[in-house]
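The values are calculated or read from the model by the stated rules, or taken from the named source; none is laboratory data. Computed from a predicted structure; not experimentally measured. Cβ atoms come from the backbone with ideal geometry, glycine included; neighbour counts cover every protein chain shown. Note: areas computed on protein heavy atoms with side chains; ligands, DNA, RNA excluded. Shrake-Rupley method; radii C 1.70, N 1.55, O 1.52, S 1.80 Å.
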Amino acid sequence: MAYTLWPMVQRKDFRALARAMAAQTTTNGFQYVVYGVLILTSPRPSASAPAVTPLVVLSAYQAAARVDATTRGDANEKSAWRTLGLANAFEKAQENMAFALVLCAALEISAATMVLMETATPRRSFSRLFAWIAWLRARYHCRDNTVFRIKFTAHDTAFYHREVWGMLNEKIYSRAPASVRRVCAPIVAWFTRA
């Protein structure tokens, strides 16, 4: 994000900077910064450990992609990356990236469960809950298909979040009593509408 915004800061072109900053809010980079802040502001940081997993998974992909790009060279070259079989492991990880991204989406969504449960404790924060809901809505509509500097092998963030929400709808929401669904309908409409 800083790389994109820095030239406008240097030129002191504040209108272009404001437009670029607004565009950045729809990117994975910005949304993961917000996610990190939401995790770090947890009243019980130790309970947030599973919530960090998406960042760890995506960082591992970035690190592996960087090492692979710098050691690729000639296919016959005997680099440690190839000798140890890490190049093959990276290729398998790339093939399974869709699964990893669905897992990340599921963990991001499930982290909101902890925030929801916190509202029943003395440390409750409804503003934190609303921030999580707004963040999850942004993820539901995020059309970005890159994280850090790696490109997804298929689809975008919205696709993976919608897959997980669809599964939750099928397993939980669709089985809820009609009265509960009726009360939740306006929230669901707001959440799913772009």
- prompt: Using mean Cβ contacts within 10 Å as the protection proxy, how do 54-61, 186-193, 132-139 order, highest first?
  reply: 132-139, 54-61, 186-193
field: Approximate spin-label separation Phe90-Val37, in nm, with each point projected 7 Å along Cα-to-Cβ
entry: 3.4
field: Under 5 Å, built H, 5+ apart or other chain: amide partners of Thr146
entry: Asn28, Phe152
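Rounded to the nearest 0.05, what FRET efficiency do Ser125 and Thr146 give with R0 = 25 Å and r taken as the Cβ-Cβ distance? Could you check?
0.20
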- prompt: Against the longest alpha carbon principal axis of the chain, how many degrees, from 0 to 90 and to the nearest 10, is the axis of helix 28-40 turned?
  reply: 60
task: Whenever you get a sec, compute what percent of the accessible area on the chain sits on carbon and sulfur atoms (1.4 Å probe).
output: 64
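Out of the GluC sites (Glu not before Pro) in the stretch 14-118, which ones are loop residues according to DSSP with at most 14 other C-beta atoms within 10 Å? If you can, show how the numbers build up before the last one.
Values: sites: Glu77, Glu91, Glu95, Glu108, Glu118; in loops: Glu77.
Those that pass, being in a loop and sparsely packed, are Glu77.
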